[in-house]
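The values are calculated or read from the model by the stated rules, or taken from the named source; none is laboratory data. Note that the structure is predicted; figures quoted are calculated from it, not measured. Counting neighbours? That spans all protein chains shown, and the Cβs are built from the backbone with ideal geometry, glycine included.
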Amino acid sequence: MKEVNAVPDKKIEDILQEISPAIKKEFLDTLVKSLLNDLKETEKKELLKKLVSGGRENREVINMVEH
């Protein structure tokens, strides 16, 4: 029986590189909505402001999204 938590043969980054930009956009949109779903409106706004406002890590996230 195959272990459920086994490491896949391909890295997620490799898999994502093979996906079309349209599917990546849809995936990212769905993922963000899902992650924000349980947060209050004020928490969502604070998180999004933090991501957009700066900081090295936040800029890296923005650059990844732009890529």
Quiz item: Given the conditions (1) outside any loop (DSSP other than H, G, I, E, B); (2) within 17 Å of the chain's Cα centre (by Cα); (3) modelled with pLDDT of 85 or more; (4) not polar (S, T, N, Q), which single one is not true for E43?
Solution: (2)
Quiz item: Which one is surrounded by the most Cβ atoms within 10 Å (Cβ to Cβ) among residues in the range 9-40 that are modelled with pLDDT under 85 and not in a helix (DSSP H, G or I)?
Solution: K10
Practice problem: Among the numbered conditions (1) part of a loop (DSSP other than H, G, I, E, B); (2) at pLDDT 80 or above, tell me where M1 comes up short. | Solution: (2)
